[in-house]
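Shown next, in structure tokens, is the structure this report addresses.
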Amino acid sequence: MQHQTLKHDSVLQNEVLESLLHSEAASVFDGTLGLGGHADLILKSFPNIKLYVGTDLDGQHLNAAREFLAPYKERFVGVEANFSEIDAVNKAHPLPRPTCILLDLGVCSNHLDDETKGFSHQADGPLHMAFSTNQEHNCEKILNEESVGGLTKIMRDFGEEPSAHRIALKIVAAREEKPLTRTSELKEIIEKSVHPRDRKKALTRVFQAFRMATNQELHHLSLALDKSFDLMESGDRIGVMSYHSLEDRVVKQQFQHRSRPKTEATKFSLHETVEPAEISLITKKPISASQAEIERNPRSRSVKFRIAEKI
Ligand SMILES: C[S@@+](CC[C@H](N)C(=O)[O-])C[C@H]1O[C@@H](n2cnc3c(N)ncnc32)[C@H](O)[C@@H]1O
């Protein structure tokens with residue numbers, strides 16, 4: 001599918017250019033290339049960038065981005081990979097390391113409009129929910145094979161859903177009649193399990209939870225951050241945009257932990273620094289979208305953008 005037929009408004013464009021990039025930036029690893037909106041912006045604004053490597057799990061996005069970014073073909077490479085494979089992807093490309101890393105997490109707007117992905121409860125589609133079309137482990141498998149305890153845990157851990165146990169019991173009862181295959185079936189189970197007043201929130205929370213479980217999103221985020229900090233050298237920057245509290249928590253905790261010197265109580269002093277801080281926080285508080293951006297692009301409403309620099 002062509003870029004023009006897919007739509008996504010890149011979030012916090014000025015903030016990416018002004019706070020994440022700096023004049024020394026020589027190469028970028030964009031873990032969530034999407035349709036290439038941020039990539040186009042960065043490549044256009046920073047002609048000094050010699051290599052821009054973008055990964056995406058969604059092959060359709062990758063093809064659209066490759067086509068859109070064709071004017072930069074000397075400097076741009078698109079790779080179908082998980083961003084948690086940053087170390088392997090980085091080895092395969094000529095510059096020693098990315099001096100700037102960008103992760104803009106979650107789904108693109110067109111993912112929600114595409115019912116074949118199964119991300120949205122607003123249209124009926126297969127229970128796929130994987131970013132990658134090649135992935136075998138999809139939401140249908142989880143819903144039809146997990147135990148009540150496993151389903152409850154997914155909805156609690158990744159959706160903070162108060163009715164998780166009740167919904168899990170109804171999922172198991174429904175699949176005993178017939179395996180679940182459609183998002184409309186999951187939607188109906190959720191709607192029957194909660195008070196009408198809570199339906200909208202429960203649908204959002206439960207669909208989010210199963211998407212996160214299907215793609216193991218927090219696991220890959222955490223892995224990508226660990227590997228990124230290993231690759232980064234002094235002055236290199238990483239910026240992560242998250243859209244809900246669970247993923248922001250992973251980023252915040254990693255950033256805070258690495259921005260503090262490690263201390264140990266010893267015989268001679270109560271706390272002795274054993275390792276200096278690894279990073280400094282460029283954003284003490286996360287950057288949010290302005291009111292004008294939220295009005296233009298409602299998806300930016302919940303964004304939290306945190307940036308750190310290796311010391
Ligand atoms: C919010 S969109 C990125 C939009 C992009 N910054 C732009 O301006 O067009 C997120 C993209 O990341 C991809 N994605 C999500 N998790 C991923 C992962 N673990 N590894 C690689 N790509 C991932 C999704 O398929 C989606 O295309």
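The values are calculated or read from the model by the stated rules, or taken from the named source; none is laboratory data. Here the structure is a predicted model, which is why all the values come from computation and not from measurement. Here the Cβ is made from the backbone with ideal geometry for all residues, glycine too, and neighbour counts use every protein chain on show. In case anyone asks, the SASA skips ligands and DNA or RNA and just uses the protein heavy atoms, side chains included. Shrake-Rupley method; radii C 1.70, N 1.55, O 1.52, S 1.80 Å.
Observations, loosely collected:
- The alpha-carbon of LYS178 sits under 20 angstrom from the alpha-carbons of these aspartates and glutamates, leaving out residues fewer than 8 places away in its chain: ASP124, GLU140, GLU145, GLU146, GLU188, GLU191.
- Helical contribution to [θ] at 222 nm, DSSP H n ≥ 4, -39,500 (n - 2.57), averaged over the chain, rounded to 500: -12000 deg cm²/dmol
- Helix 164-177 axis, angle to the chain major axis (alpha carbon atoms, nearest 10°): 50 degrees
- Once divided by 2.2 N^0.38 Å, the Cα radius of gyration of the stretch 111-215 becomes 0.95.
- Rounded to the nearest 10 degrees, the angle from helix 217-231 to the longest Cα principal axis of the chain is 10 degrees.
- Whole-angstrom Cα spans of the chain along principal axes, big to small: 62, 60, 39
- Here the accessible area of the chain is 51 percent carbon and sulfur, with a 1.4 angstrom probe and all protein chains present.
- The mean sequence distance of close C-alpha pairs (under 8 Å, at least 6 residues apart), as a share of the length of the stretch 59-174, puts its relative contact order at 12 percent.
- Normalised per residue, the accessible area of the chain is 49 Å², obtained with a 1.4 Å probe and no contribution from ligands, DNA or RNA.
- Surrounding net charge for GLU309, when Lys and Arg each add one and Asp and Glu each subtract one, Cβ distance under 12 Å: 0
- Annotation for the stretch 276-311: trypsin sites (Lys or Arg not before Pro) lying in DSSP loop with at most 10 further Cβ atoms inside 10 Å of their Cβ are LYS284.
- Euclidean distance of C-alpha centroids, the stretch 102-133 and the stretch 216-257, integer Å: 23 Å
- Sparse packing (at most 16 other Cβ atoms within 10 Å of the Cβ) combined with a DSSP loop state is found for the following GluC sites (Glu not before Pro) in the stretch 31-101: GLU74.
- Anchor LYS285: aspartates and glutamates whose Cα lies under 13 Å away (excluding residues fewer than 8 positions away in-chain): ASP248
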